[in-house]
Amino acid sequence: MAEQIRDRGLSVKGRDRVEWAINQMPVVSDIRARFRRTRPLKGRRIAACLHVTTETAALMLALRDGGAEVRLCASNPLSTQDDVAAFLTCEEGIPTFAIHGIDTKGYYEHIEGALAVKPDVTMDDGADLVTVLHTKRRDLLRSVIAGTEETTTGVVRLRAMAAHGKLNYPIIAINDSMTKYLFDNRYGTGQSSMDGIMRATNILLAGRAVVVAGYGWCGRGVAGKARGLGANVIVTEVDPHHALEAAMDGFTVMPMIEAARKGTLFITVTGDTSVIRREHLAVMQDGAILANSGHFNVEIDISALEKMAKSKRTVRSVVTQYTLKNGRRLNLIGEGRLVNLAAAEGHPANVMDMSFANQALTVEYLAKKARSLKKQVYVVPLAIDREVARLKLAAMGLAIDHLTAAQQKYLTSWEFGTT
């Protein structure tokens, strides 16, 4: 299957933007330079289903320069940057299957396009490609030795597959590395979600009642950035530990049914379905804004919103206003899809530098070690995680202390006590 992109004429614009991102990604650039010399992925075939952004392009180029044959498709219909897809396809020879705003049928056809490489390694962001492999394209499973998964949502799906004995090859959860969730999930999601919301709406956050659904690593980031912009933040949770942490971090905690009456901006970031439902929509204030920063567009019950509305219209380029039968208006950003990519450019390249460095080094690890792994979900090896952090510190010009011999001995001994 030939690549599918919107416009080959966008490649020059894509080249300039990818170059800008690469300049903000020193760790991936260092890995790419080493890969170019050592070719650790020579002969590997990689099918990647990721957000087609400038940062992803930097990763694809590193894998390609490492010797891999790579095909890329989008992991979300609204996350594709068409100029990046054109650049990768037309100037770098990496077949890309991604068009911004593609319908569901086309989205899955693009996954088939990436799978046409007959992969032995998969890279996924949400587990759609892995799911297609395990359902519609089981004929390709025999050649797959391993894979990686980028997101919380995807890891949840894959662990469910493994628990039911349905996972046919080992997958490493990039999302569960410390250099992913501590930085990408918290700082990246926090900043990019606020960026998307403000680009989409041009609203003032200061003084606004903002409801953040979920206080995992992504929710912590979103709540913190909203507070930093002057918002009065309410957190809703189902996990008592996370709810307690949010309360001790100074946020107001309450059930969604109560928060629905108070909030004027709602941001879901849970990875679960129907977090905002009919009963919540029914009591929201006129003019309330709904945004989702979870991977799939299931956190806000859009079908309920459609049924409750007597009309809808596009009021800004990515904002749909639903007028309910009682006259109240609710505003949905980006069709309920990832707001940071549907309405903005996603995470800054500086933070994706760590996540994609993890991806590159993990694929290198899998190329050597996959045959010794069981068919389950693994965390990123600690040595890789620490190496990414070390490289990032070095790129930032920062140095840290090292344990002395006496300190190392103390930490591995039990004899020392009160003196």
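The values are calculated or read from the model by the stated rules, or taken from the named source; none is laboratory data. The shown structure was predicted, so the numbers you read here are calculated from the model rather than taken from an experiment. Virtual Cβ from ideal backbone geometry, glycine too; neighbours counted across all protein chains shown. The protein model used for the area step is the full one, side chains on, heavy atoms only, and it has no ligands, DNA or RNA in it. Shrake-Rupley method; radii C 1.70, N 1.55, O 1.52, S 1.80 Å.
Roughly how many debye, to the nearest 20, is the charge dipole of region 211-308 about its Cα centre, given +1 on each Lys and Arg Cβ, -1 on each Asp and Glu Cβ, and no other charges?
Details: 8 positive and 11 negative charges, 48 e Å.
Its charge dipole is roughly 240 debye.
Overall, the anisotropy analysis places region 56-143 in the oblate class: the square-rooted eigenvalues a ≥ b ≥ c of its C-alpha gyration tensor yield a/c not less than 1.5, with a/b not exceeding b/c. Computed from label points 7 Å out along Cα-Cβ, the spacing between Q407 and A33 is 2.9 nm. Size of region 212-366 from its Cα atoms: along the principal axes, largest to smallest, the extents are 57, 36, 28 Å.
In this calculation the C-beta distance from A116 to R313 is compared with R0 = 51 Å, giving a FRET efficiency of 0.80.
Across the options V315, A367, I302, the greatest Cα extent toward the positive end of the charge dipole of region 286-380 (unit charges at beta carbon of Lys, Arg, Asp, Glu) belongs to I302. Across the cross-link table entries K105/K369; K105/K368; K105/K225; K118/K369, which are compared at the Cα atoms, the separations over 26 Å belong to K105/K369; K105/K368; K105/K225. The residue among S193, T273, V339 whose Cα reaches farthest toward the positive pole of the charge dipole of the chain, with charges on the beta-carbon of Lys, Arg, Asp and Glu, is T273. A DSSP coil position with no more than 12 other Cβ atoms inside 10 Å describes the following GluC sites (Glu not before Pro) in region 312-419: E415. Among beta bridges identified by DSSP and lying wholly in the chain, the antiparallel ones come to about 20 percent. One decimal place: the segment D7-M198 gains 66.0 nm when fully extended, by the rule 0.36 nm per residue minus the C-alpha distance. Report the longest stretch of the chain that contains none of the chymotrypsin sites (Phe, Trp or Tyr not before Pro) sitting in a DSSP loop with at most 10 other Cβ atoms within 10 Å. It works out to 1-413. Could you look at the chain and say what percent of its accessible area is carbon and sulfur, using a 1.4 Å probe and all protein chains? Carbon-and-sulfur percentage of accessible area, whole number: 52. With all protein chains kept in place, the per residue accessible area of the chain amounts to 44 square angstrom at a probe of 1.4 angstrom. Normalising the average separation of contacting C-alpha pairs (under 8 angstrom, six or more residues apart) by the number of residues puts the relative contact order of the chain at 16 percent.
Assuming a ≥ b ≥ c are the square roots of the Cα gyration tensor eigenvalues, decide whether the chain counts as rounded (a/c under 1.5), prolate (otherwise, with a/b larger than b/c) or oblate.
oblate
Computed log10 I(q)/I(0) for region 327-374 at 0.15, 0.32 Å⁻¹: -0.64, -1.07, from the Debye equation with unit scatterers placed on every C-alpha and solvent omitted. Counting only Cβ charges, +1 for Lys and Arg and -1 for Asp and Glu, the dipole size of region 118-188 around its Cα centre is about 300 debye.
Restricting the count to DSSP beta bridges whose residues both fall in region 270-342, what percent are antiparallel, rounded to a multiple of 5?
On the way: 11 of 16 bridges.
Of the beta bridges lying entirely in region 270-342, close to 70 percent run antiparallel.
How would you classify region 154-282 from its alpha-carbon gyration tensor, with a ≥ b ≥ c the square roots of the eigenvalues: rounded for a/c under 1.5, else prolate if a/b is greater than b/c, otherwise oblate? The shape class here is prolate. Here the chain is treated with +1 on each Lys and Arg Cβ and -1 on each Asp and Glu Cβ, and its dipole about the Cα centre works out to around 600 debye. Amide H contacts under 5 Å for V211: I234, T264, L265, F266, I267, restricted to partners 5 or more places along the chain or on a different chain, H placed in the peptide plane at 1.01 Å from N. Per-residue ellipticity at 222 nm computed for the chain from its helices equals -12500 deg cm²/dmol, with DSSP H segments shorter than 4 residues left out and the rest contributing -39,500 (n - 2.57).
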